[in-house]
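Notes follow the structure.
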Amino acid sequence: MKHARVLFNGSELDVTVEDSFAETGQLKSKIDGQLINEADVTWLCPVKEPGTIFALGLNYADHAAELAFEPPKEPLVFLKGANTLTGHKQNAYRPDNIEFQHYECELVAVIGKEGKNISREDAMDYIVGYTVCNDFAIRDYLENYYRPNLRVKSRDSLCPIGPWLIDRDDVGDITNLKLTTHVNGELTQEGTTADIIFDVPFLVEYLSKIMTLKPGDMIATGTPKGLKDMQPGDTVVCEIEKVGALVTHIVSEQTFYGDKY
Amino acid sequence: MSKNPIVKGKLVCVALNDAEQFNAMQAEFAEAPYKGAPQQPVLYFKPHNTWSTDGAVVEWAQVDGSPAEQMVVGASLAVVFGKECCRVSETEALDYVEGYTLVHDFSLVEQNYYRPDIKGKCLDTSAPIGADVVAVADPQALTVVTSVNGTVVNETPVSQLVRGVAELISTISYIMTLQPGDVIAVGFPGQRATVAPGDKVHSVIDGVTELNNTLGQ
């Protein structure tokens, strides 16, 4: 089943996304079964109470090569703030006066139960489902301190996520899912989760050795090669086979912040 | 695992903000992998599994299934936000602060600052946050004093930080919108104190608040 969260008539609402959605554009309220038109909602982050957001750097062999890095011998993990999260079909901004901002289409594994020292063999029991995120990066802001630093990776709106959370067992095998990114309709990134260096079971074992994982924690598993600069006005679609297609509109910093700019 | 009633959303910590440490590391900053001193505040998160409370026992870290050989601690003045803080100037920054408290950052020994230190800094219960949120007119005038088993190990005047409280709030608020219940730990002593299992760690800001924790076994 696909679970989403939306803003409808000013309130947050949990909905399911049925197979008929592609034809009807209707979402189903989990409270009373009411059918709601997509046009009447704002999509939210599908994880109700986001916990720790782990993200992986250089976790696809082809992307590491693209950035002229040796593939890491140990996962390169960084954390992101929940301020970065925004929903499907929402705006993300390009900061003023920068040279290079790129998308990163990533499979996100969402933790469903608390655990510590979880073995690789048991790891998948702790995953409730999957979603897609677009873990934008501003390369201009990279510094060699806690790289990639928060200024690069923890900016408001720069981790769109969704459209929905799909149950783990509805996806099944995640070791060879196709990933694509389209910018304004043009294919700009193409890869497969088969190229992941440190896979989800490894990461659950690795992280849970360090710390307790809790429901709502998320692991964004990295991105394959295919970087491209983004500009205000661009529409970017990050899609992962069997999981979903996440649409984001790029706007200027001034448009995004409005009165607060 | 203790919940903390004060921090609700993000606990942002500032590293390399002790002027003495910052100046002493200039030669190291020039070398690989850094290739230049930091131009911006060096920030890291302590995620929600780390949050703990005054009086709590801090778990002794396990590394690959065995007790860690060493842990270290630093204390910082912590800013608690009372209202949403987005893109504010240095002059108005303190208006968004509800009050101040203390944060202990327990970690493994810091090896370097090149990559995010998940292994060293994300340990369960490793970030106790004080119980009181106290209004203070001038946070720059405060001094954080830390003792281990009754012996003073660090004394850090906030005025000796590379970047002060208002500047940090302003800079960080342009990166991420801060919400009520978000906390910034503005700076830790460059020389973190080594601790052993069972040690008692006490930090105080005279006349404002204190924070007490004990290391587990």
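The values are calculated or read from the model by the stated rules, or taken from the named source; none is laboratory data. A quick note: this is a predicted structure, and the numbers were derived from the prediction, not measured. Don't worry about glycine lacking a Cβ; one is built from the backbone with ideal geometry, like all the others, and counts go over all protein chains shown. Accessible surface areas use protein heavy atoms only, side chains included; no ligands, DNA or RNA. Shrake-Rupley method; radii C 1.70, N 1.55, O 1.52, S 1.80 Å.
Using alpha-carbon positions, what is the distance between the centroids of segment B:113-176 and segment A:245-261, in Å?
Segment B:113-176 and segment A:245-261 have Cα centres spaced 32 Å from each other.
Rank B:47, B:189, B:33 by mean-square fluctuation in a GNM of chain B with C-alpha springs under 10 angstrom and give only the top-ranked residue.
B:33
So if I place +1 on the C-beta of Lys and Arg and -1 on the C-beta of Asp and Glu, and nothing else carries charge, what would the dipole magnitude of segment A:33-153 be about its Cα centre? I want it in debye, nearest 20. Display every interim value, and only then the final one.
Details: 12 positive and 18 negative charges, 59 e Å.
Value, rounded to 20: 280 debye.
Set Lys and Arg Cβ to +1 and Asp and Glu Cβ to -1, take the dipole of the protein assembly as shown about its Cα centre, and tell me which of A:27, B:170, A:159 lies farthest positive.
B:170
Starting with the highest mean, order A:151-162, A:125-136 by the number of other Cβ atoms within 10 Å, averaged over the residues of each peptide. Intermediate values should be presented prior to the final figure.
Numbers: A:151-162: 26.1, A:125-136: 23.5.
Put in order of decreasing packing, that is A:151-162, A:125-136.
Per residue, how many Å² of accessible area does segment B:4-52 show with a 1.4 Å probe?
Numbers: 1950 Å² over 49 residues.
The answer is 40 Å² per residue.
Treat every Asp and Glu Cβ in segment B:11-215 as -1 and every Lys and Arg Cβ as +1, leave all other atoms uncharged, and give the resulting dipole magnitude about the Cα centre to the nearest 20 debye. Please list the in-between numbers first.
Values: 10 positive and 25 negative charges, 82 e Å.
I would put it at about 400 debye.
Of B:27, B:193, B:166, which has the largest mean-square fluctuation in a 10 Å C-alpha GNM of chain B?
B:27
Please work out the Kirkwood hydrodynamic radius for segment A:12-96, using every pair of different C-alpha atoms, and report it in angstroms with one decimal place.
Numbers: mean 1/r = 0.0611 Å⁻¹.
About 16.4 Å, per the Kirkwood formula over Cα pairs.
How big is the gap, in Å, between the Cα center of segment B:61-104 and the Cα center of segment A:90-161?
When both Cα centres are located, 22 Å separates them.
Take peptide B:173-186, look around each residue's Cβ out to 10 angstrom, count Cβ atoms belonging to other protein chains, and average those counts.
Values: counts 1, 6, 12, 11, 7, 2, 3, 0, 0, 2, 0, 0, 0, 0.
For this peptide, the per-residue mean of nearby foreign Cβ atoms is 3.
Find the cysteines in chain A that fail to meet the 4.7 Å Cβ criterion with every other cysteine, and list them.
When partners are defined as cysteine Cβ atoms under 4.7 Å apart, chain A leaves A:45, A:133, A:159 without one.
Could you list the square roots of 5 times each eigenvalue of the Cα gyration tensor of segment A:1-44, that is, the equivalent ellipsoid semi-axes, sorted largest first and rounded to whole Å?
Sorted largest first and rounded, they come to 15, 11, 9 Å.
Quick check on the protein assembly as shown: what does the Kirkwood estimate of hydrodynamic radius come out to from the alpha carbon pairs, in Å? Don't jump to the answer; show the numbers that get you there.
On the way: mean 1/r = 0.0434 Å⁻¹.
Roughly 23.0 Å, rounded to one decimal.
Taking amide H positions as placed 1.01 Å from N in the peptide plane, with prolines and chain starts having none, which residues 5 or more places from residue B:10, or on another chain, fall under 5 Å of its amide H?
It is B:182, B:183, by chain and number.
Given A:244, B:216, B:26, which one lies farthest toward the positive end of the charge dipole of the protein assembly as shown, if we put +1 on the Cβ of every Lys and Arg and -1 on the Cβ of every Asp and Glu?
B:216
What distance in nm separates the simple spin-label points at residue B:92 and residue A:187, each placed 7 Å from Cα in the Cβ direction?
The modelled label-to-label distance comes out at 4.9 nm.
At 7 Å along Cα-to-Cβ for each site, give me the label-to-label distance between residue B:62 and residue B:27 in nm.
Distance between label points: 4.1 nm.
Using amide H atoms built in the peptide plane, which far-off residues or other-chain residues are under 5 Å from residue A:127 H to H?
A:112
Dipole magnitude of the protein assembly as shown about its Cα centre, charges +1 at Lys/Arg Cβ and -1 at Asp/Glu Cβ only, in debye to the nearest 20?
Its charge dipole is roughly 280 debye.
Per residue of segment A:121-138, in order, report the coupling 6.51 cos²θ - 1.76 cosθ + 1.60 (Karplus, θ = phi - 60°) as ³J(HN,Hα) in whole Hz, putting x for Gly and Pro.
Those phi angles translate into 5, 8, 4, 5, 5, 8, 9, 8, x, 9, 8, 10, 10, 10, 8, 3, 10, 10 Hz.
Choose one of A:215, A:68, A:191: the residue whose Cα lies farthest towards the positive end of the charge dipole of chain A (beta-carbon charges +1 Lys, Arg; -1 Asp, Glu; about the Cα centre).
Farthest towards the positive pole: A:215.
Taking the alpha carbon gyration tensor of chain A, what are the square roots of 5 times its eigenvalues, largest first, to the nearest whole Å? Could you put the intermediate results ahead of the total?
Working: eigenvalues 136, 116, 58 Å².
In descending order the semi-axes read 26, 24, 17 Å.
Can you return the aspartates and glutamates within cross-link range of residue A:73? Criterion is Cα-Cα under 14 Å, with same-chain partners fewer than 8 residues away left out.
A:199
Most mobile of B:198, B:36, B:187 per a Gaussian network model of chain B (Cα springs, under 10 Å)?
Ranking B:198, B:36, B:187 by mean-square fluctuation puts B:36 first.
For residue B:35, put the label point 7 Å out on the Cα→Cβ axis and report which residues of segment A:87-106 keep their amide N under 18 Å from it.
The answer is A:99-100.
Scaled to the compact-protein estimate 2.2 N^0.38 Å, what is the alpha-carbon radius of gyration of segment B:11-215, rounded to two decimal places?
Details: Rg = 16.2 Å, N = 205, 2.2 N^0.38 = 16.6 Å.
The value comes to 0.97.
Taking amide H positions as placed in the peptide plane 1.01 Å from N, state which residues far from residue A:212 in sequence (5 or more) or on other chains have amide H under 5 Å from it.
Sorted by chain and number, the residues that satisfy this are B:124.
At 222 nm, what value in deg cm²/dmol follows for the protein assembly as shown if DSSP H runs of at least 4 each add -39500 (n - 2.57) and the sum is divided by all its residues, to the nearest 500? Could the numbers behind the result be given before it?
Values: 10 runs with 60 residues, N = 478.
Roughly -3000 deg cm²/dmol at 222 nm, from the helical runs in the protein assembly as shown.
Enumerate the lysines that residue A:178 could reach by cross-link, defined here as Cα to Cα under 17 Å, with residues fewer than 8 away along the same chain left out.
Partners within reach: A:225, A:242.
At most 16 other Cβ atoms within 10 Å and a DSSP loop assignment: could you name the trypsin sites (Lys or Arg not before Pro) in segment A:82-124 that fit? Spell out each step's value before the answer.
Values: sites: A:89, A:113, A:116, A:120; in loops: A:89, A:113, A:116, A:120.
Listed in order of number, the matching sites are A:113, A:116, A:120.
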